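**Q** Before I ask anything, let me first share the structure, which is written out below as structure tokens.
The values are calculated or read from the model by the stated rules, or taken from the named source; none is laboratory data. On a predicted model such as this, the values are computed, not experimentally measured, just so you know. For neighbour counting, all protein chains shown are included, and Cβ atoms are generated from backbone atoms with ideal geometry for every residue, glycine included. Side chains included, ligands, DNA and RNA excluded: accessible areas come from the protein's heavy atoms. Shrake-Rupley method; radii C 1.70, N 1.55, O 1.52, S 1.80 Å.
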Amino acid sequence: MMAKSSRGRPAKPGTVYEFDFYYRFIPGEDPPELETLLESIIQANGRKRRDILRAALLGGAQQAGETADRAEDSDIAGLFEEMFDEF
């Protein structure tokens, strides 16, 4: 039996993550694409913001996995794989 929300609707599956932090963009250290992404997140609302964050997180997880696959040191590759097994 699914739990119901306070409005009486069935609760959606999954875990809700709330982000409440600051990120300082550092010109010259951070790539300009990151600034563009951060600005997009700030300007978006609701589902669009969630979709941007989801795409960025999935892309980062994929890139980390590809890096692990190319890593020469199998210990480092194993560490990356363990870190991202849940994705």
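**Q** Looking only at segment 28-53, count every residue that is outside any loop (DSSP other than H, G, I, E, B) and open to solvent by 100 Å² or more (accessible area, probe 1.4 Å) and tell me the total. Step through it out loud before you land on a result.
**A** Taking segment 28-53 and keeping what is outside any loop (DSSP other than H, G, I, E, B), we get 30, 32-43, 46-53.
From what is left, the residues that are open to solvent by 100 Å² or more (accessible area, probe 1.4 Å) are 33, 42-43, 47-48, 50.
Number satisfying all stated conditions: 6.
**Q** Moving on. If residue 71 meets every condition in (1) modelled with pLDDT under 90; (2) over 26 Å from residue 15 (Cβ atoms); (3) loosely packed, with under 14 Cβ neighbours inside 10 Å; (4) not aromatic (Phe, Trp, Tyr) apart from one, which number is that one?
**A** Condition not satisfied by residue 71: (3).
**Q** Right, here's the next one. Looking only at segment 28-57, how many residues end up being of a type outside the set (A, V, I, L, M) and touching a helix residue (DSSP H, G or I) at 6+ places or on another chain (Cβ under 8 Å)?
**A** Total satisfying the criteria: 2.
**Q** Also, I was wondering about something else. Could you grab the pairs with beta carbons closer than 7 Å, sequence gap of 6+ or different chains, first residue in segment 15-38 and at pLDDT below 90, second one of a type outside the set (Asp, Glu) and surrounded by 10 or more Cβ atoms within 10 Å (Cβ to Cβ)?
**A** none
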